[in-house]
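Worksheet: the structure to be examined is printed underneath.
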There are 6 protein chains.
Amino acid sequence: MSRVDGRAKNDQLREIKITRNFTKYAEGSVLIEAGDTKVICNATVEDSVPYFLRGKGKGWLTAEYSMLPRATQDRNIREAAKGKLSGRTQEIKRLIGRALRSVIDLDKLGERTIWIDCDVIQADGGTRTASITGAFVALIDALSYMIEKDMIKKLPVKDFVAAVSVGIVKDELLLDLCYGEDSNAHVDMNLVMTGKGEIIEIQGTGEENPFSKSNMFKLVDLAEKGIKELIECQKKALGEKVELFKEV
Amino acid sequence: MSRVDGRAKNDQLREIKITRNFTKYAEGSVLIEAGDTKVICNATVEDSVPYFLRGKGKGWLTAEYSMLPRATQDRNIREAAKGKLSGRTQEIKRLIGRALRSVIDLDKLGERTIWIDCDVIQADGGTRTASITGAFVALIDALSYMIEKDMIKKLPVKDFVAAVSVGIVKDELLLDLCYGEDSNAHVDMNLVMTGKGEIIEIQGTGEENPFSKSNMFKLVDLAEKGIKELIECQKKALGEKVELFKEV
Amino acid sequence: MSRVDGRAKNDQLREIKITRNFTKYAEGSVLIEAGDTKVICNATVEDSVPYFLRGKGKGWLTAEYSMLPRATQDRNIREAAKGKLSGRTQEIKRLIGRALRSVIDLDKLGERTIWIDCDVIQADGGTRTASITGAFVALIDALSYMIEKDMIKKLPVKDFVAAVSVGIVKDELLLDLCYGEDSNAHVDMNLVMTGKGEIIEIQGTGEENPFSKSNMFKLVDLAEKGIKELIECQKKALGEKVELFKEV
Amino acid sequence: MSRVDGRAKNDQLREIKITRNFTKYAEGSVLIEAGDTKVICNATVEDSVPYFLRGKGKGWLTAEYSMLPRATQDRNIREAAKGKLSGRTQEIKRLIGRALRSVIDLDKLGERTIWIDCDVIQADGGTRTASITGAFVALIDALSYMIEKDMIKKLPVKDFVAAVSVGIVKDELLLDLCYGEDSNAHVDMNLVMTGKGEIIEIQGTGEENPFSKSNMFKLVDLAEKGIKELIECQKKALGEKVELFKEV
Amino acid sequence: MSRVDGRAKNDQLREIKITRNFTKYAEGSVLIEAGDTKVICNATVEDSVPYFLRGKGKGWLTAEYSMLPRATQDRNIREAAKGKLSGRTQEIKRLIGRALRSVIDLDKLGERTIWIDCDVIQADGGTRTASITGAFVALIDALSYMIEKDMIKKLPVKDFVAAVSVGIVKDELLLDLCYGEDSNAHVDMNLVMTGKGEIIEIQGTGEENPFSKSNMFKLVDLAEKGIKELIECQKKALGEKVELFKEV
Amino acid sequence: MSRVDGRAKNDQLREIKITRNFTKYAEGSVLIEAGDTKVICNATVEDSVPYFLRGKGKGWLTAEYSMLPRATQDRNIREAAKGKLSGRTQEIKRLIGRALRSVIDLDKLGERTIWIDCDVIQADGGTRTASITGAFVALIDALSYMIEKDMIKKLPVKDFVAAVSVGIVKDELLLDLCYGEDSNAHVDMNLVMTGKGEIIEIQGTGEENPFSKSNMFKLVDLAEKGIKELIECQKKALGEKVELFKEV
């Protein structure tokens, strides 16, 4: 069986393309493309921390997520026009923030905030996981900028982190669902894992069809395979900056 | 090792108390107590559906969640006063809605909406999972009211559903964390499962400490044990109404 | 003539039940029941004052009021979901605040704020007056906590305060209207009075039927009778804590 | 003792000036001046009713109230800029609406809404009561316009209505408090009464100093005297339109 | 051809009336009438500056603009009730602010803010330009108050400023359009100019009918003529205060 | 003198690059680059019209504008997070809408709305004018899609439209200001013109330095030169679709 977007295999990622320095102002700026899903991930270094951290000598990382109104098949109303963030947006921005904070040593940042802005310009499924995978690369560029500017001594990062979706569509267990698959999935699961293969976050839902433990375990294995490959893509995109991880 | 709230065993639930008909107006009204966590779960039957479902002959179920300002150790600002729902509240209300919709046959409701209101009056960890477990009982009472009023013929419910938290605290795998455990947990996971032992939702995060696949699998087993017991509590609370499930 | 809820007399209060320590975190926590009206009144002591009082060495007391969506016959939309407080809610929270501030000596509190949260879990008329009557008891518990913690020396309270509704229904002057009476009342009046029988607040409206001065005066007398009885209920609920008033 | 604004007597109103046709578009447009308090009261006839009245063949009347930012000694932040109405504004707009609805027969309006807009351009105490007194005149002009346009046959008004404040300042009972008096008042009371001397609304508060029943009764008498005079001012301002009341 | 409001000539302003000290609290308070357009322009001196200017020793000027709901033929919903400013209001408040800041030397104000509040009580076209012309006079009164109170030494104003609208209606180039003309205009342009005849702001739009450069230039000349006359009106209204400009 | 971004001449545009079909879902999708300014312009065809046009058989066009938080040197707070559009955003979205509506025949669209979404991903001055120039091309693609789908017969467009900024920096009159010039400009003007050289919109401000009529006229000429060149860029980008204009 071949996939709806032409992929040959169920355990196959879409083509991943990571473009660094995509825009010119952000300390880290990445365009990540996973098939037709395209997300701009910008990392900004700001010289202050939220109120609850002031005077504690440690830093913070927070994420925001948005989609262009026409990133999707039908136009969505702009959240700025509606005057509030949807529940979906809030869930995703919190997820991205947790995922990246899990591998960064905030105590080493000084009283600084890193803002991660993930803006989806084209959506074909998996925008939240692509955001995490791309934002990690932007984060490394922003931290490397901080090293250059003598704000920090070395990379305050414990491990790589990437994310992928898996799911069950018509009894097939699939890796990295495109929208055509996602909208027909009985089970939809997102995994965030580290370079060491540990789990940072698992979110799986079978709203229409509850799923068995054994299928859940198989899906986790499938995600692990995909995340390993995504981390290879991150390393390739980072090029010589991977050296910075050596002293971590 | 004994638990911080005095429980003897790691795989032990807190004492569960389910009081039906807690308030007098709602079609289903339940007070669920899990140790010191107390949640009022009201189910309302409304004779209309949201815009996107009008004219399709099917029903809807939606949930809301809130905490009294002083349900917690420190007072929280009232969301109505702030003028918006927090990201946490949005996540939880969406989770409760998905959990209950997963076992109900919306096509059988007619063009009606069931509103689930979960209001936490005292919080000691696990408020979202207690909300799901209690709301299921309120939902059954509301559906049973609909049968009495000839709105529906029989219970449009596929299975029982309940939820519980599990986590890792100081290398111990614990079932049903109280707040004192939750706030020290390295891993925090919520599971929603059916009476048949299938998974509806899994949400696990190891923001501070990534966790291994093998620990994740153990936590799922632990949750499964707890959910089985919770479903027994639901059945006991429902008493003779359990008979309604026979023709399902 | 007997009342719609079975009371024998026009000048009869509903059964009043005041449960202290209803929840475990608040410094004062009271459930007040007046017939089928049930309100949780929590008092919180906070170590700061609003901006306009900073550095002046005195304290503040402020109140909030809310109803659970299904506290009433029909479900109300949650104000947190609408994103703003209704005019009715604002009126009531201001009324409760004024009523309690009128008997407390704010200069004696130090730079602290007492938050009064009144959350109606079941409404059968008279929720605002029950809130005041119950909140006064919670306030005394919170102040007594402050004495225990050496924040203040003695009770900074000038007098008891309680509130009740009165009204005219089909030419009968009634005390403590339940919802079935209130919704048919030609005149609806709320009185807040002290233990000494002085008036703190009077709010009366005859939107549908203007009323004479002489009827107004009779209603005030009726309310005075009810408030005296309510203050007895408060004293009984407070038990030995009534001793604290001796040195006031 | 003379009053702070130079009035000779405690039971004396400030000079009242009612200018009709103050702006050119509104069906009724009045500038009312009570001493230095100046309020523009516009009445608009709109050919629709709120959602909850559609198809019932009756009309509605609703009021709004606002102050120019610099109507007061210090500039207030504009509510449109803050994005929400204060509790005080909501209370006043509801009071004005109730006061005017109490004397109008909504069933006779047809499915139309009368909007009352009270905009304070200069405030020196008593803005809410001046709004009611002035708005009643604007309302009569708007209804008279409806008679001319054959929308209604005769004036659907049961009686005159006006409002005034009374209070206790340094043990003196005063009628029609100016700001200098109001800000020092121990008791502050607003009365709305009809031409027949019946009470539509009474709102009195002694936040700082509770007051006796006997003082309250004296204040009501004082207000009654003032309202009688205000209704004479309304009649004088209406001129020959007073004839319209004959057939009421 | 005569104009729709009876003016004899295309290059004729409506009658301009400027009343100073219109309300009693504001440091500068002007009612400007341009034909049937009437705007209250209040200037407030406040002893603080916005966050971005603190500690820089300079001042700020900011403007707000609003219309009474019934300033127009049909009633507009109050922006305070809608909870947000319309795009039109925001454009106009920004325009008024820029216009007045262009002639004031903010460095000479000390750390103070001047608030300009323009409230339209009757609108017949040209409310934004009348606001600027009237607010300038209120501004001079507020600055003159600051001189009296020794806050500043002399008038920190570089030049007069006034504004007018011009447009093309049925091929006629018109000065100072009333609403009846404005609503039929093919081209609508607003000019803000100084006493020296220099341009501070030009905003012209031909949404329905693009216009030629040569017509645009003619409109600018027409506006220049009108603004010269408006500045004469300002001088006449200011009377002896014009002397303050001598030392500028 | 050479320009700060290296351009040789004062009347020289930055390099313009127009990429059509930039994203895959929108009926028209353009990336316009003017030097370092980059804007995604998407045009969406929607089968409905706003409330005020229903049943009138004509169409509508509306525009929205936003900047990614890190499109600029410093990060801007996301408007969706703030919950409201800034005044600047509102001005620009209204300008883009007016500019495009001025050349389109809305009567020919049927009851459809064209949404124009301009999202700035990198800002270096002139984002509003680049939005108009790019959005026009996206609009033509969307209209051409409507022709293909038989929604309309031929291009309902009267003329080309493009926009550019001009300004005075240190006494030099410059075309197409980059941010480094714009932030130092004494005069800043935006022109929107048609292919026939007619003006649709002129907005010029000399907040810091008023400017003479003669300089204004020179700036208009300069803008006209730039807009002619921009329209050539549009034509080149549209390729054979320019043929569609033949039958207009």
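The values are calculated or read from the model by the stated rules, or taken from the named source; none is laboratory data. This structure is a prediction, so every number in the text was calculated from the model and none was measured. Ideal geometry is used to build each Cβ from the backbone, glycine not excepted, and the neighbour counts take in all protein chains shown. The protein model used for the area step is the full one, side chains on, heavy atoms only, and it has no ligands, DNA or RNA in it. Shrake-Rupley method; radii C 1.70, N 1.55, O 1.52, S 1.80 Å.
Just to verify a result, which residue in the range F:82-93, among those that are outside any loop (DSSP other than H, G, I, E, B) and basic (K, R), is most open to solvent (accessible area, probe 1.4 Å)?
Quick first cut of the range F:82-93, residues outside any loop (DSSP other than H, G, I, E, B) only: F:82, F:87-93.
Filter once more, so that each one left must be basic (K, R): F:82, F:88, F:93.
Values: F:K82: 114, F:R88: 80, F:K93: 45 Å².
Ranking the candidates gives F:K82 first.
Looking only at the range D:172-181, decide whether some residue is in a helix (DSSP H, G or I), surrounded by fewer than 16 Cβ atoms within 10 Å (Cβ to Cβ) and more than 14 Å from chain C (Cβ to nearest Cβ).
Keep residues of the range D:172-181 that are in a helix (DSSP H, G or I), which gives D:179-181.
Next, only the ones that are surrounded by fewer than 16 Cβ atoms within 10 Å (Cβ to Cβ) stay: D:180.
Checking which are more than 14 Å from chain C (Cβ to nearest Cβ) leaves us with D:180.
Checking the range D:172-181: at least one residue is in a helix (DSSP H, G or I), surrounded by fewer than 16 Cβ atoms within 10 Å (Cβ to Cβ) and more than 14 Å from chain C (Cβ to nearest Cβ).
Does F:K56 satisfy the condition of being within 14 Å of chain E (Cβ to nearest Cβ), among the basic types (K, R), surrounded by fewer than 21 Cβ atoms within 10 Å (Cβ to Cβ) and outside any helix (DSSP H, G or I)? Considered against the rule, which asks whether it is within 14 Å of chain E (Cβ to nearest Cβ), among the basic types (K, R), surrounded by fewer than 21 Cβ atoms within 10 Å (Cβ to Cβ) and outside any helix (DSSP H, G or I), F:K56 comes out as no. None of E:I152, E:I168 is within 25 Å of F:V220 (Cα to Cα) and more than 17 Å from the chain's Cα centre (by Cα) except E:I168. A:A185 satisfies every condition listed in (1) part of a helix (DSSP H, G or I); (2) modelled with pLDDT under 95 except (1).
Would it be correct to say that F:E46 is within 15 Å of A:R75 (Cβ to Cβ), of a type in the set (D, E, K, R) and in contact with a helix residue (DSSP H, G or I) (Cβ under 8 Å, 6 or more places away or on another chain)? Considered against the rule, which asks whether it is within 15 Å of A:R75 (Cβ to Cβ), of a type in the set (D, E, K, R) and in contact with a helix residue (DSSP H, G or I) (Cβ under 8 Å, 6 or more places away or on another chain), F:E46 comes out as no. Scanning the range E:20-53 for residues that are without any contact (Cβ under 8 Å) to a residue 60 or more places away in the chain, touching a Leu at 6+ places or on another chain (Cβ under 9 Å) and open to solvent by 40 Å² or more (accessible area, probe 1.4 Å) yields one hit, E:F22.
Taking the numbered list (1) free of Cβ contacts under 8 Å to residues at least 24 places away in the same chain; (2) in contact with a Lys or Arg (Cβ under 6 Å, 6 or more places away or on another chain) in turn, C:L61 passes all entries but (1). Annotation: D:N190 fulfils all but one of (1) under 20 Å from D:K9 (Cβ atoms); (2) at pLDDT 95 or above; the unmet one is (1).
Among the residues in the range B:80-93, are any within 15 Å of the chain's Cα centre (by Cα) and within 21 Å of B:L109 (Cβ to Cβ)? Yes: the range B:80-93 contains one or more residues that are within 15 Å of the chain's Cα centre (by Cα) and within 21 Å of B:L109 (Cβ to Cβ). The single condition among (1) touching a Lys or Arg at 6+ places or on another chain (Cβ under 8 Å); (2) within 11 Å of chain E (Cβ to nearest Cβ); (3) not in a loop (DSSP other than H, G, I, E, B) that F:I96 does not meet is (2). Among the residues of the range E:193-211, is there at least one that is buried (at least 17 other Cβ atoms within 10 Å of the Cβ), among the charged types (D, E, K, R) and more than 8 Å from every other protein chain (Cβ to nearest Cβ)? Among the residues of the range E:193-211, not one is buried (at least 17 other Cβ atoms within 10 Å of the Cβ), among the charged types (D, E, K, R) and more than 8 Å from every other protein chain (Cβ to nearest Cβ), which makes the answer no.
Which one of E:A138, E:A142 is more than 27 Å from F:G97 (Cα to Cα), in contact with a Cys (Cβ under 7 Å, 6 or more places away or on another chain) and not polar (S, T, N, Q)? Spell out the reasoning first.
Values: E:A142 fails: in contact with a Cys (Cβ under 7 Å, 6 or more places away or on another chain).
Answer to the check: E:A138.
Each residue in the range F:50-79 was checked for being over 23 Å from the mean Cα position of the chain (by Cα), among the basic types (K, R) and closer than 19 Å to A:L68 by Cβ, and 1 of them qualify.
When only residues in the range A:237-248 that are touching a residue at least 40 places away in the same chain (Cβ under 8 Å) and in a helix (DSSP H, G or I) count, which is most open to solvent (accessible area, probe 1.4 Å)? The extreme case among them is A:E247. Filtering the range C:62-81 for residues that are modelled with pLDDT of 95 or more, more than 11 Å from every other protein chain (Cβ to nearest Cβ) and part of a loop (DSSP other than H, G, I, E, B) leaves an empty set. Taking the criterion of being within 12 Å of chain E (Cβ to nearest Cβ) and either part of a strand (DSSP E or B) or at pLDDT below 95 (or both), the only residue of the range F:104-125 that qualifies is F:I104. Determine, yes or no, whether D:A163 is in contact with a Lys or Arg (Cβ under 8 Å, 6 or more places away or on another chain), open to solvent by less than 20 Å² (accessible area, probe 1.4 Å) and in contact (Cβ under 8 Å) with a residue 60 or more places away in the chain. It is true that D:A163 is in contact with a Lys or Arg (Cβ under 8 Å, 6 or more places away or on another chain), open to solvent by less than 20 Å² (accessible area, probe 1.4 Å) and in contact (Cβ under 8 Å) with a residue 60 or more places away in the chain.
Reported count of residues in the range B:175-190, each being under 26 Å from B:L100 (Cβ atoms) and in contact (Cβ under 8 Å) with a residue 40 or more places away in the chain, is 7.
Residue by residue through the range F:212-229, note down the ones that are more than 7 Å from chain E (Cβ to nearest Cβ) and either β-branched (V, I, T) or open to solvent by less than 10 Å² (accessible area, probe 1.4 Å) (or both). Spell out the reasoning first.
We begin by selecting, within the range F:212-229, every residue more than 7 Å from chain E (Cβ to nearest Cβ); these are F:214-215, F:218-219, F:221-229.
Residues satisfying the conditions are F:L219, F:A223, F:G226, F:I227.
Any chance the range E:219-228 includes a residue that's outside any helix (DSSP H, G or I) and closer than 30 Å to F:V157 by Cα?
The initial filter retains those residues of the range E:219-228 that are outside any helix (DSSP H, G or I), namely none.
Within the range E:219-228, not a single residue is outside any helix (DSSP H, G or I) and closer than 30 Å to F:V157 by Cα.
Taking each residue of the range D:87-101 that is touching a residue at least 40 places away in the same chain (Cβ under 8 Å) and looking for partners that are part of a helix (DSSP H, G or I) with beta-carbon atoms closer than 8 Å, six or more apart or interchain, yields D:L95/D:R128; D:L95/D:I132; D:A99/D:I132; D:L100/D:I132; D:L100/D:A135; D:L100/D:F136; D:L100/D:L139.
Would you please name the residue that is farthest from D:V157 (Cα to Cα), looking only at residues in the range D:94-130 that are of a type in the set (D, E) and surrounded by fewer than 23 Cβ atoms within 10 Å (Cβ to Cβ)? Only one residue fits best here, namely D:E111.
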